[in-house]
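The structure appears below as structure tokens.
Read-outs throughout are calculated quantities, based only on the coordinates presented, and are distinct from any laboratory measurement. Just so it is clear, the model here is predicted, and its values are computed rather than measured. Because the Cβ atoms are built from the backbone with ideal geometry, glycine has one as well, and the counts that use them run over all protein chains shown.
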């Protein structure tokens, strides 16, 4: 089997994988990181979204070997991305905001939503609601309706920029 070397949630990983192994299977079965969900297996629902080199990718549509030498971040690695913006509980501001804004219900889509939002906020720290909605287009939620999800991403963006909920600089 071919060797695969990558960075997973900030740690170097060397493993062997079959050429046909999907990234989602490597994450869930090979590394036991079950926060990433496998929903539709056709890249339609977004539940399997992870960050590859900081950009959102649907892991059910990528072969694991395509990540040779790359940086992979799963929802388990999200708090480390927050750096100084992490909450006192060690959460990424997105995780904190999803709880505060009721941006989750059953939780199946949540990891994918968080990772898509994290990719957006890395590229655009002050997105408009329209930009948030566009970034989350490929992630489906059957429970919440998206209003609270967009509010959560907006709140997290403000927290990461040091802006209070009232809009004043903290």
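Laid out as a table, the results:
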quantity: Cα centroid of segment 99-165 to Cα centroid of segment 37-89, whole Å; calculated: 15 Å
quantity: Using alpha-carbon coordinates, inclination of helix 147-161 to the longest axis of the chain, degrees; calculated: 90 degrees
quantity: Segment 78-161: C-alpha gyration tensor shape, a/c 1.5 cut-off, then a/b vs b/c; calculated: oblate
quantity: Protection proxy ranking, peptides 89-99, 138-148, average beta carbon neighbours within 10 Å, highest first; calculated: 89-99, 138-148
quantity: Fewest-first ranking of 59, 128, using other Cβ atoms within 10 Å as the exposure measure; calculated: 128, 59
quantity: Sites residue 42 and residue 99, calculated FRET efficiency, Cβ-Cβ separation with R0 35 Å, nearest 0.05; calculated: 0.70
